[in-house]
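Structure, as structure tokens:
The values are calculated or read from the model by the stated rules, or taken from the named source; none is laboratory data. Just so you know, these numbers come straight off a predicted model, no measurement behind them. Don't worry about glycine lacking a Cβ; one is built from the backbone with ideal geometry, like all the others, and counts go over all protein chains shown.
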Amino acid sequence: MEKDSRATEQTGTAAHLGPEVAVEQSVPVSAEDSLALAGRLRRGEQAAAGEFVDRYYERVYLFMRAIGHDRQISEDLTQETFLRAWHHIGQLRDGKALNGWLFRIAGNVSRLHRRRYKGRGTVNIDGFEPAAAGPDESLRVGQQEQFDHLQQAVARLPWKLRQAVVLHYMEQLTITEAAETAGIREGTLKSRLNRGLEALRKEVADE
């Protein structure tokens, strides 16, 4: 189940938080694909289990890294997330909600770890490795500098604001899914998003 996640920490496309701010995000999975995969998982198909891990492992791992866990802890918590998901797949009522359901499990796994170890083994997300060189070195360097600055800005957000930004903008969970993952009301999540975005925009403006 373990994958080489370190080489994937800079993959993805830009998700716009506003006119001046962008972050890395994952390619979304369609509801139809999620429904089909969930059905196969419920039937206990081993091939579906492998596809499930292949499709979501990087996203869950990057989520763990983005909210502050170090590489080793992120790998451990990611694997624990998939083990729990596989064990409780029968509790998933709506297959189209597979994405949000998985990240709720990931959020719970992360919270349990933090309570158990009281924050030990966590780091800021600016510990990510640099992106590989591309054909246009000057463009790559400029994009890398912008991404590094944003990583540092997100890492400096208070934990609750950072979690909201990561869940909704980086992992592309809906407001409902992100709120359920964080264990808060939708209104609270929206408030945290607004405060987080305002803080990020101020950082960009002051650059």
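Identify, please: which residue in region 152-207 is of a type in the set (Lys, Arg) and part of a helix (DSSP H, G or I) and is, among those, nearest to Met64 (Cα to Cα)? Let's see the steps before the verdict.
Looking only at region 152-207, we keep the residues that are of a type in the set (Lys, Arg), and these are 156, 160, 162, 185, 190, 192, 195, 201-202.
Now narrow it down to the ones that are part of a helix (DSSP H, G or I): 156, 160, 162, 190, 192, 195, 201-202.
On the way: Arg156: 16, Lys160: 14, Arg162: 12, Lys190: 21, Arg192: 19, Arg195: 22, Arg201: 24, Lys202: 26 Å.
Going through the qualifying residues, I end up with Arg162.
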Flagged in region 155-199 as modelled with pLDDT under 85 and farther than 24 Å from Thr81 by Cα, in numbering order, are Arg156
Restricted to region 167-207 and to residues being closer than 18 Å to Ala97 by Cα and among the small types (Gly, Ala, Ser), the residue farthest from the chain's Cα centre (by Cα) is Gly183
Residue pairs within 8 Å by beta carbon, gap of at least six or interchain, first lying in region 68-83 and closer than 15 Å to Arg116 by Cα and part of a helix (DSSP H, G or I), second among the β-branched types (Val, Ile, Thr) and modelled with pLDDT of 90 or more, listed first then second, are Leu77/Val109; Glu80/Val109
